[in-house]
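Contents: one structure, followed by commentary.
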Amino acid sequence: MANDVLPSPAVTSPPASADGSAPRLGVIGTMREAIELPARNPKLVIQIMLLIFSPFSFLVLLHYVLAGPLMEKVEDGYERSELDPRDIRSFVGIESVFLLSSCIIFFLGMLLIVYGSAVIYNNKSISLKQLVSRIKSTWKKSFVTWFFVCILAILYWALALVIVRWVNLYIWSWTAGMLAAALYLFLAVLWSLGLVVSVLEDDVSGPKAFLRAEKLMRRKKMEAFRLMSMLELMSFPIYIVFYVTSADDDDKLGVFAQFAFGAAATFLFCAAKFFSFMVLTVFYYECRQNHGEKIDLELGQVYKAVPPVAQ
C-alpha cells in the first residue's frame, strides 16, 4: 500500500493551533473542510462521482422502464378492485431486485467516498485504479459493519413504529415520534461513524467498529448530534424528490422530461450521499485528533501522539 499512495506536494495541511495540536473545527468547520476537499483533488472526486452516478442512474432508468408499466397496472387494478396476483408478484419482485441493487451500489459507493476522502484529507495522491484495488482487499470487513447497520436500523424503526402505535393520544404520538427521530439521529451518527471506522482501520468491523466509534465521539456527542441533524435536514428534501421521481408514473410528462427529472434527482441524491460521507470522514479525523491520535501512511494503523520533551 505504501507504493500505492503518493505524497501530494501541492496541498498543505491545516495550520495547527497555538498549543501545537490540530485545530478543532466544530460543526461548521467540519462541513467547511468537507466542502473544500473536492478542490484538493477534483479529478479523483469527479471519477468517484461518475463511478457512483453512472450505474445508479442506469438502475433508475431500468426501474422506470420495467416497474413503471407494472405500477400503473397495479394502481388501476386497485382502483377497480381487480388486482391480478401475477402483477403484484412481478411488481414486488422487480422492486426487490431494484432495492438490492441500490443497496449494493450504495455500499460500494460508500467505500469509494470514505477512502477517497481520507486520501485527500491526508494530502495524499492515489489513482482510481489503486483506490478500487484497495477496496477489493478490504470490503469484507466493511460489509459486516454495513450489514449490522441495516439490521439495527430496521429493528429500530420497527420497534419505534410499534411504540408510536401503542400511544393512543394524538399529542403523545407526536411526542413519541419526535423522541424516536431524535434518538435515531444519535444512533445514525454512531452507526455511520462505525462504517467509516471499518473502512479506514484494520481488523475493525461489526460491533467492534461501533465501540470504536463510540469511543472516538465520547467527548463530541452533542457535536455529532448537531452534525447529523444538519446533514439530515439538508438531505431529506433531496430524498423526497428522488423518491417521488422514482415512483411517479405521471403520463402528463413526456418520456424525455421524466428521464431528465429522474437523472437530476438521481444526481442530487448521489451528491447528498457523497457530501454526507465526506463530512463523516472529516469528523472521524477530527475525533481522532481530539483524542491525540495520529495516522500513518497506511491510513489504518493507530498510534498515540508522543508529547514533546521539555527542554
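The numbers here are math on the coordinates, done by the rules we state, and not lab data. A quick note: this is a predicted structure, and the numbers were derived from the prediction, not measured. Note: ideal-geometry Cβ built from the backbone for every residue, glycine included; neighbour counts use all protein chains shown.
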(request) Taking 7 Å along the Cα-to-C-beta vector as the label spot, tell me the VAL167-LYS73 distance in nanometres, rounded to one decimal. (result) 4.3 nm
(request) Give me the distance in nm between label points sitting 7 Å out from Cα along the Cα-to-Cβ direction at LEU99 and MET230, one decimal. (result) 3.3 nm
(message) From the phi angles alone, apply the Karplus equation (6.51, -1.76, 1.60; θ = phi - 60°) to segment 89-100 and give each ³J(HN,Hα) in whole Hz, x where the residue is Gly or Pro.
(response) 5, 5, 5, 5, x, 5, 5, 5, 5, 4, 5, 5
(request) Rank the residues TRP146, TRP191 as a footprinting-exposure proxy: fewest other Cβ atoms within 10 Å of their Cβ go first. (result) TRP191, TRP146
(request) Assuming R0 = 22 Å, can you tell me the calculated FRET efficiency for the pair LYS43 and CYS150, based on Cβ-Cβ distance, to the nearest 0.05? (result) 0.10
(message) If each residue of separation counts as 0.36 nm, what is the full-extension length gain between LEU179 and ASN123 once their alpha-carbon separation is subtracted?
(response) 16.1 nm
(message) Which of rounded, prolate or oblate describes segment 35-297 when judged by the alpha-carbon gyration tensor and an a/c cut-off of 1.5?
(response) oblate
(request) Grab the beta carbon distance between LYS294 and PHE267, set R0 = 30 Å, and tell me the FRET efficiency rounded to 0.05. (result) 0.25
(request) For ARG219 and PHE58, compute 0.36 nm times the residue count separating them, minus their Cα-Cα distance, and round to one decimal in nm. (result) 53.7 nm
(request) On a C-alpha basis, how far is the centre of segment 58-75 from the centre of segment 181-228 in Å? Whole number, if you could? (result) 36 Å
